[in-house]
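Have a look at the structure below before the remarks.
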Amino acid sequence: MSLADEVAIAIEEVTAAIPGGGEVRRGQRAMAAEISEAIEAGEHLAVQAGTGTGKTLAYLIPTILSGRRTVVATWSKALQDQMERVDLPLLAANMDKPFDFAVLKGWDNYVCLERLDEIRRSGEQQALDGLFEGADGTQVERIRQWVETSESGDRADLPFEPDANTWTAVSVGTDDCLGVAECPFGEDCLPARARQRARDADICVTNHHLYAVDVALDGMLLDRPDRPHEVVVFDEAHQLEEVFSATFGFQLTPGRFRWLSRVARAVISETALLDGLDDLHMRLGAWLDAHADRRIVPGVDSDLDQILDLAESRLERLLTAARSTVNDDQAGKRRLTRLLKAGGTLMGDIRFCRDLLRGAGGEQSGGKKEEGDQLAWVERSGTHLALRVAPIEVGPRLARDLWPRRTAVLTSATLPVNLPDRLALPGPRTSAVGSPFDYENNSLLFCPMHLPSPAHDEAAWAAGLLVELEHLICAGGGRTLALFTSWRGLQAAAAAMRSRVPFPILEQGDLPPRALLEAFAADEEACLFATRSFWQGIDVPGPSLTLVVIDRIPFPRPDEPLTRAWRDRAGLDGWGAVDLPIGALRLAQGVGRLIRSRTDQGVVAVFDSRLFGARYSQSLLDALPPMRRTADRDEAESFLRSLFS
């Protein structure tokens, strides 16, 4: 019996065991068969699977039955948690093929026992002042009690959601971890245990970033030397290029100097050295602020070069002073180890960046020579500033270090047609599996063509948008997710609607994301106004969401340094090769928030006439589900009113 035949039988059996009764979907069966054939042939596969396909079971069942060790990498934690708590236990209980599984998250998703011990040893007040500044003592105590019985130490398993400062106090990233060999709690280290379980498991679920780290480390993160994984499944694969690019690069922020200063104050007492780090925090921050959203040209930005030279000199003096410090107590030795490790990592990044800016390439702190062209730029995100360095293309690295070693399955509800080429995925099978949802009868795509293009007359467009938005929200009785391409647009629209419609207006930033979504889903009349982080991964089925509004087509900004570099390399049709596919993908992600189940109904309104009227409109529409279309607001309002008449 072929693997595809085994998989077809297993899908029927597993689906029958789903509580409440399940249904094998035609697309799910077809997708599972494609994956089975690809695994048996050792060929890469790129498969677009529409919303509602049931793609998680469609790739888990073939990989389990194949007997090949598999890593599943996703972009969102929500999908990892779903597999860990629902899908994989269901399969383990209802398949004849025994297997074990583990989920591996980033190091700082787990409680650090050494941090908790330092709080206990130092006394809560002293500990929560320095490194633990801003933490909630009551929450720290609850975490301390919880971890005594927790097997995982995973933040997701906590019975409450700690605030950000508290979690920072009780966890560490890989940069400031003492290391298992140096830590007195190394044998019981919770993230180290999670990593070992992941290496031993038949099916390991992780995220894109950790998988990219594994590629950079030649498999040292996810594999045992005697048992490497043979298959990798990338779910939410449309995010891969962005994640690999960020992971293969690095960023330098002013906050790293301030954080290192805090660590150093617990080890050394030389005021001048400590003040020097605080001064670097201010100098770098001021320079980044003056050059925000700008590409950095090697050999030109001499002021930054001088700051990096100064940083290297001051860090060298600080680390020399630290090495000569005598610490007799255990806590002091641990703080010294943390300082030396974090300072050494920062020193490596500074040297790499400085060499890059001088056109000399560079070596990262791990000692690996960077290959290919690197891009450096200043990135602003809200009030956060960072000096970013990333490879312009990740394909050559993947073609050398990943694709020849594993069979890869790339899948997503929206998979750009040019993604295999951009990732240098050699000769993949390609497939598209449609959604089982009835988009034609249950949804309507509305684009008011009378509005001017936002690219030509933004003031008139913005005023017209508010009129259209008011009418649609009232017709739908609230129940609106309004997605904006900028914070300014979001805030202006939210403020205007509060005085124009009789429904609650929730705004991104009012509450933590999870609490905000819960409040939105709980009140059927509520409207949620949000920006980019809510364009994907948001799942609110049912009557709480019947109208999705998108202010404009989310093309990349012309001055985004990385996309500009891609555009330059693409040649004469750089915009069509880079910006158009990205805009179509992001638009499809936003549109996909509407129909999340077979019974969902509603309207997607895109207030950008380019959707129907531009020469490239068909490329945008081809990326969207097969929804009925209209430019008539009356038709859109009538459809919304009919849902609740």
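The values are calculated or read from the model by the stated rules, or taken from the named source; none is laboratory data. None of these values were measured; they are calculated from a predicted model. Using ideal geometry, Cβ is built from the backbone for each residue, glycine included, and neighbour counts are taken over all protein chains shown.
When the stretch 42-77 is examined, which residues are found to be over 23 Å from the mean Cα position of the chain (by Cα) and among the polar types (S, T, N, Q)?
63, 66
Would you mind listing the helices (runs of 4 or more DSSP H) fully within the stretch 96-202 where at least 2 residues are in the same structural domain as residue 62 (by TED's automatic domain parsing) and either over 30 Å from residue 261 (Cβ atoms) or at pLDDT below 90 (or both)?
Output list reads 190-200.
Results for (1) assigned to a loop (DSSP other than H, G, I, E, B); (2) at pLDDT below 95; (3) of a type outside the set (A, V, I, L, M), shown as yes or no for each residue.
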residue: 463; (1), (2), (3): no, no, no
residue: 468; (1), (2), (3): no, no, yes
residue: 472; (1), (2), (3): no, no, no
residue: 478; (1), (2), (3): yes, no, yes
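Out of all the residues in the stretch 404-424, which are hydrophobic (A, V, I, L, M, F, W, C) and more than 28 Å from residue 574 (Cβ to Cβ)?
Answer for the stretch 404-424, where residues must be hydrophobic (A, V, I, L, M, F, W, C) and more than 28 Å from residue 574 (Cβ to Cβ): just 409.
Looking at 444, 387, 410, 423, which one is touching an Asp or Glu at 6+ places or on another chain (Cβ under 9 Å), within 30 Å of residue 471 (Cβ to Cβ) and crowded, with 19+ Cβ neighbours inside 10 Å?
444
Of the residues that make up the stretch 210-218, is at least one surrounded by 15 or more Cβ atoms within 10 Å (Cβ to Cβ), touching a Gly at 6+ places or on another chain (Cβ under 7 Å) and either in contact (Cβ under 8 Å) with a residue 24 or more places away in the chain or within 23 Å of residue 340 (Cβ to Cβ) (or both)?
There is at least one residue in the stretch 210-218 that is surrounded by 15 or more Cβ atoms within 10 Å (Cβ to Cβ), touching a Gly at 6+ places or on another chain (Cβ under 7 Å) and either in contact (Cβ under 8 Å) with a residue 24 or more places away in the chain or within 23 Å of residue 340 (Cβ to Cβ) (or both).
For the stretch 409-445, give me each residue that is touching a Pro at 6+ places or on another chain (Cβ under 8 Å) and assigned to a strand (DSSP E or B).
Those that are touching a Pro at 6+ places or on another chain (Cβ under 8 Å) and assigned to a strand (DSSP E or B): 410, 430, 443.
Quick one: in the stretch 407-443, of everything that is polar (S, T, N, Q) and farther than 30 Å from residue 600 by Cα, which residue is modelled with the lowest pLDDT?
418
Could you tell me which of the residues 76, 2 is loosely packed, with under 15 Cβ neighbours inside 10 Å, of a type in the set (Gly, Ala, Ser) and touching a residue at least 12 places away in the same chain (Cβ under 8 Å)?
One residue alone meets the criteria, 2.
Could you please find all residues in the stretch 451-461 being touching a residue at least 40 places away in the same chain (Cβ under 8 Å) and either of a type in the set (Ser, Thr, Tyr) or not in a helix (DSSP H, G or I) (or both)?
451, 452, 453, 454, 455 - these are the residues of the stretch 451-461 that are touching a residue at least 40 places away in the same chain (Cβ under 8 Å) and either of a type in the set (Ser, Thr, Tyr) or not in a helix (DSSP H, G or I) (or both).
Among the helices (runs of 4 or more DSSP H) confined wholly to the stretch 604-645, which include 2 or more residues that are surrounded by fewer than 17 Cβ atoms within 10 Å (Cβ to Cβ)?
617-622, 633-642
Can you tell me which residue among 332, 344, 348, 362 is modelled with pLDDT of 85 or more and more than 30 Å from residue 229 (Cβ to Cβ)?
Going through 332, 344, 348, 362 in turn, just one is modelled with pLDDT of 85 or more and more than 30 Å from residue 229 (Cβ to Cβ): 344.
Considering (1) among the aromatic types (Phe, Trp, Tyr); (2) part of a strand (DSSP E or B); (3) closer than 30 Å to residue 605 by Cα, say which one residue 377 fails and leave the rest.
(3)
Quick check on residue 551: is it on the phi < 0 side of the Ramachandran plot and crowded, with 21+ Cβ neighbours inside 10 Å?
yes
Is the stretch 487-499 home to any residue that is assigned to a loop (DSSP other than H, G, I, E, B), surrounded by fewer than 20 Cβ atoms within 10 Å (Cβ to Cβ) and more than 20 Å from the chain's Cα centre (by Cα)?
Yes: the stretch 487-499 contains one or more residues that are assigned to a loop (DSSP other than H, G, I, E, B), surrounded by fewer than 20 Cβ atoms within 10 Å (Cβ to Cβ) and more than 20 Å from the chain's Cα centre (by Cα).
Looking at residue 503 and the list (1) farther than 22 Å from residue 632 by Cβ; (2) out of contact with any helix residue (DSSP H, G or I) (no Cβ under 7 Å at 6 or more places or on another chain), which single condition is not satisfied?
If we test residue 503 against (1) farther than 22 Å from residue 632 by Cβ; (2) out of contact with any helix residue (DSSP H, G or I) (no Cβ under 7 Å at 6 or more places or on another chain), just (2) comes out false.
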